[in-house]
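Written out below as C-alpha cells is the structure these notes cover.
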Ligand code: SF4
Ligand code: SF3
C-alpha cells in the first residue's frame, strides 16, 4: 500500500505497511480502486456533458459518496467499498451505452472489473504516476475534491444540489488521468478547485442555515444527564435531525461528539428537550470517551478510530462511514433513516459517565458575527482588539499539536481566535476570557464553516474600505489533518489569502517543487515554536 493523504502519514512520507489511522493494505487497495473507477466514470459523465447530455443527480451522488468514502477515517469496511466499486462499474456500463462511443476515453473509464482486483489496485494507486510533481498536483487536486465531495454530500442530504459543482468535480477528477496536462495547467486546476470549494461550502451553508436557521451564540452543556444516551459524531446534520425526531418521548438523550458540537448552535435543534449537550473532545480521544459514554454511538462521517472490543458493538455507522463488524444504518438522499436499533440499544445501557462539567460557548458563524459587527468594528477601531487569528482546521493525535494549545495560551490578550472544525478542542476549554463581551474564541462551527470565517473577513474588508483581504488585521494559523482541510485551504487561497501558516507539518504529498509554488505564490509556511511564531505574527510586544 501507499497512502500519504493525511497529516499523520508514517514518517511524514507515506504509510506503506499499514495506515497510522488503522487502514489495512487490503482496504487501502480497495480505496485506490474505488478512486480509479470514480475517475473513470467521471471521464464518461464529462464526455456526456460535452455532447450536451445530462447527468442524473443519482450519478452525481454516487461519485461524491465514492470519494467521501475514501477520506481518512471515514470507512474501514472493505466489503462496503467493494459494493461501491461494483455499483460504479454497473453505472459506468449504462453511461457508456448512453454515450454511444468509447473513443478518447481513458483506460479507467473502460475497465470493466474483470481480472484480479488486488493486482489491478496495485497498478492504479498514487505511485502509478511516475513524475513526482505531476503526482503531487494530481493528489492535491484529488484530496481537495474528496473534501468538496464530503461537503456536497451533506448539502445533498438536505436536498440541495449544485450541478455546476458536480460537473467541475467530475471534469477535474477526470483530468487527473490526463497525461497531456502540464504542471502549470495542473496548478491552475488546483486553484480552480479552490473556487469550487468556496461554491460547495456556500451551498452547504445555505443548506444548513436554510434547514436549521442561522447559528446563534449558544452555551453548550459539557456535563451529562441521568438517562441513557446516544452519542452522535461526524458532520451530517440531517442524520442528527432524524435521530432527534425519532428519540422524542423514548427516554433516551442525545449528545454530540467532536465535529457534531456546532449542531447546538442552530435554532432548529434547540426545540428538542433530550438534546443534552456535547460529550468529550475531538475525534482522536474517542477510545476513552466512547468507552465511558456507555451508550450507542452513531458515526455519521469521519473520523472513526478503530474501536476497542469493549464498545465495538455500540458503534454504528451511516452514510459514507463504515467499520467491519459495526452495524450500518442505510438510507440514501431523500430517504428517512431508521434509527430504532440505536434507540432500543440505548435503552439497555446505563447513562454516560461524567467526564467534565460546565459549558462552552459557540455559534459565531457569519450571520451572528455580522449581527455583532458594530461591536466588533468598534473594538478594532478603539484598539481593544488588535488582531484576529484564524485557527480553523483539524485536531489530531500528534503530540506536536500541543503547539496549538500553547499558542492560544500565549496569544496577546488583545487578540481573538476565529475557529471552525475540530481544531478548536485544543483551546476551547481554556479560560481565555473576553474583550468587552466578545469571547476570545469565536467558534463558527464545523470545518466547512471555515466558509463563514471567509465571509466575515470579506465583510470586514468592505466595512474598513480595504482593497486587499490581506490588509485586515487577521493572521492565519491553520491546523490540518485530512482532506476536508485541503479543500478549505484551497478555498482560502482562491479568495486571495496569503501567508497562511499550516501545521503541524506540511503535507507529505507536496513535492518540493509544488511546495515551492505554494510558498512563492501564496507565502504558505509551516509553523515554528510558539515563541518564534508569536514574534513572527505579533512582533515584539
Ligand atoms: Fe496513512 Fe493517513 Fe493514509 Fe491512513 S489516511 S493510511 S494514516 S496517510
Ligand atoms: Fe476533524 Fe476528522 Fe478534520 Fe471536520 S473530524 S475537522 S479531523
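Looking only at residues in region 129-174 that are farther than 30 Å from residue 208 by Cβ and in contact (Cβ under 8 Å) with a residue 24 or more places away in the chain, which one is surrounded by the fewest Cβ atoms within 10 Å (Cβ to Cβ)?
For region 129-174, the residue satisfying everything is 132.
Checking the conditions here, which among 267, 273, 262, 307 is assigned by TED's automatic domain parsing to the domain that holds residue 224 and within 14 Å of ligand 2 (Cβ to nearest atom)?
From the options 267, 273, 262, 307, the qualifying one is 262.
Just one of the numbered conditions (1) assigned to a helix (DSSP H, G or I); (2) under 17 Å from residue 436 (Cα atoms) is not true of residue 361; which one?
Tallying (1) assigned to a helix (DSSP H, G or I); (2) under 17 Å from residue 436 (Cα atoms), residue 361 fails exactly one: (1).
Taking only region 329-382 into account, find how many residues are touching a residue at least 60 places away in the same chain (Cβ under 8 Å) and under 24 Å from residue 430 (Cβ atoms).
Of the residues in region 329-382, 20 are touching a residue at least 60 places away in the same chain (Cβ under 8 Å) and under 24 Å from residue 430 (Cβ atoms).
Among the residues of region 1-24, write down those that are within 16 Å of ligand 2 (Cβ to nearest atom), in contact with a strand residue (DSSP E or B) (Cβ under 8 Å, 6 or more places away or on another chain) and over 18 Å from residue 77 (Cβ atoms).
Correct list: 9 only.
Of all residues being under 17 Å from residue 397 (Cβ atoms), assigned to a loop (DSSP other than H, G, I, E, B) and out of contact with any helix residue (DSSP H, G or I) (no Cβ under 8 Å at 6 or more places or on another chain) in region 8-25, which is farthest from ligand 1 (Cβ to nearest atom)? Just the residue, please.
This residue is 22.
Among the residues of region 487-508, which ones are in contact (Cβ under 8 Å) with a residue 60 or more places away in the chain, more than 27 Å from residue 236 (Cβ to Cβ) and surrounded by fewer than 19 Cβ atoms within 10 Å (Cβ to Cβ)?
505
I'd like the full set of residues that are at positive phi and touching a helix residue (DSSP H, G or I) at 6+ places or on another chain (Cβ under 9 Å), limited to region 200-249.
Across region 200-249, the qualifying residues are 213, 234.
Which of the residues that make up region 379-396 are away from ligand 1 (no atom under 16 Å from the Cβ) and either at pLDDT below 95 or assigned to a strand (DSSP E or B) (or both)?
Once the filter is applied, which keeps residues that are away from ligand 1 (no atom under 16 Å from the Cβ) and either at pLDDT below 95 or assigned to a strand (DSSP E or B) (or both), region 379-396 yields 387, 388, 389, 390.
Quick check: is even one residue across region 56-65 closer than 27 Å to residue 397 by Cα, under 26 Å from the mean Cα position of the chain (by Cα) and more than 16 Å from ligand 1 (Cβ to nearest atom)?
Yes, because at least one residue in region 56-65 is closer than 27 Å to residue 397 by Cα, under 26 Å from the mean Cα position of the chain (by Cα) and more than 16 Å from ligand 1 (Cβ to nearest atom).
Would you check if there is a residue in region 245-253 being in contact (Cβ under 8 Å) with a residue 24 or more places away in the chain and either within 20 Å of the chain's Cα centre (by Cα) or part of a strand (DSSP E or B) (or both)?
Taking every residue of region 245-253 in turn, at least one turns out to be in contact (Cβ under 8 Å) with a residue 24 or more places away in the chain and either within 20 Å of the chain's Cα centre (by Cα) or part of a strand (DSSP E or B) (or both).
The values are calculated or read from the model by the stated rules, or taken from the named source; none is laboratory data. No experiment lies behind these values; they were computed from the predicted model shown. Cβ sites come from the backbone with ideal geometry, for glycine too, and all protein chains shown count toward neighbours.
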